[in-house]
Amino acid sequence: MRLLLDARKIEDYGIGVYIRHVFGGLLEQPFEDIRVIHLAGKERLEVPAEKEISAHSANYDPREQIEIPWKCRHLRGYYYFSPHYIFPLLLRQRLIVTVHDLIHFKFPAFFKPPVKVAMARFFLRQIKSRAALIFTVSRQTAADLAEMFSVPMDKIKIIYNGVADTFFQTSPFASPYPFPYILYVGNWKPHKNIITLLQAFRLISKLHPELRLVLIGISPQPAVQKEISRLNLEEKCLPLGFLPQPEVIRYLDGASLFVFPSLYEGFGLPPLEAMARGRAVISSPAGSLREVLADAALYFDPSSAEDLAAKIDLLLSDESKRHSYEEKGRQRSWLFRWPKAVAQHVHFLQALD
């Protein structure tokens, strides 16, 4: 089998993790040939120069519709593997696509301008007929794809994401702070439901005045900053922005709890990573989260700051229950490993030949 891997989104947080581990793993397999498309001047997978195709147009850039097919025109008999459902329509190669989530259709009001939703709908309709193989990262995403776009389930292969080895292998770090804190890791997009987390934290801080809230992740949402000010949480809420993985692990190790309030996830990697570091996780049950986390997380109603505050208080106050969730989380996280995911991809890819 000959593969053409589109790694242009390697610097994205979610899809970038998938590219590094799955595409990186595929490069170690004995396929007939693999070529990799990178963005010029950006992070890249380690491949020989003759196996690399350098592109100047990013995903969603209209120029990719011409540049990528032109640069790949000589690669006959290859499968083009896109880690995202936006792809160049003029490709001559057969198509393999991974769909991570359908958030655009679950919460269309969160995506401006509306053309983004229309574009997503157009390309998802295209992959229904054009893709030789569609991967999803959860049963939830597969079911959404079948329901919303009538994609036959026998065309969809479900492969869960994995937790990086470093989350299991790194020795425990000392806490970066002298005070206890709750931790959230992820972006601040509206569906991540950070507003509810802030409101819950204001309630719980009255019972636990020494407690702080630490937020790690890209934070482009002014509404969240406004809510921090409105709730007078400037001294107790610590937004740290994006941090490299070793630093994330350090903050996980020091946290009293990990909270994940998202309204929808196609998979939900951060709470699994927290579990791998032995943190008790309080999570929304939305989207794929209950599927992935099973009984290893304590769930709350994501529309209720009061319920979240009560669940935080429960685990802070009951050490035995907190330790029980820590142990269940460790065991659950071991089920999700990247080498396993790579092997499953290889199995389905080889079946195409």
Relative contact order for segment 163-217, counting Cα pairs under 8 Å that sit 6 or more residues apart, in percent: 50 percent
Counting other beta carbons within 10 Å of each Cβ, put GLU64, GLU273 in order, fewest first. GLU64, GLU273
For ILE134, what charge total do you get from the other residues with a beta carbon under 9 Å from its beta carbon, if Lys and Arg give +1 and Asp and Glu give -1? +3
Label-point gap, in nm, between GLN225 and GLU306 - each point 7 angstrom along Cα→Cβ: 3.3 nm
What residues from segment 323-353 fall in the zone where the backbone N is under 14 Å from a label point 7 Å along the Cα-to-C-beta line of GLN169? 338-339
Between HIS56 and ARG330, how many nm apart are label points set 7 Å from Cα along the C-beta direction? 5.3 nm
With +1 on each Lys and Arg Cβ and -1 on each Asp and Glu Cβ, and nothing else charged, work out how big the dipole of segment 166-333 is about its Cα centre, in Debye to the nearest 20. 180 debye
If you average the C-alpha positions of segment 294-353 and of segment 90-122 separately, how far apart do those two centres end up, in angstrom? 27 Å
Suppose only helical runs count, i.e. DSSP H with n ≥ 4. What mean residue ellipticity at 222 nm does that imply for the chain under -39500 (n - 2.57) per run, divided by all residues and rounded to the nearest 500 deg cm²/dmol? -11500 deg cm²/dmol
Exposure proxy order (Cβ contacts within 10 Å, fewest to most) of GLU46, GLU247, GLU28: GLU46, GLU28, GLU247
Computed FRET efficiency, Cβ-Cβ of SER317 and LEU240, R0 30 Å: what is it to the nearest 0.05? 0.65
Mind checking the full-extension length gain between LEU207 and PHE149? Use 0.36 nm per residue of separation minus the Cα-Cα distance, one decimal, nm. 16.1 nm
What are the residues whose amide H is under 5 Å from the amide H of GLU265, where those residues sit 5 or more places off or on another chain and H is modelled from the backbone? GLY287, SER288, LEU289
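Bear in mind that the values in this text are calculations on the coordinates, not laboratory data. Bear in mind the structure is a predicted one, so any value in this text is a computation, not a measurement. Heads up, the Cβs are rebuilt from the backbone with ideal geometry, glycines too, and the neighbour counts pull from every protein chain shown.
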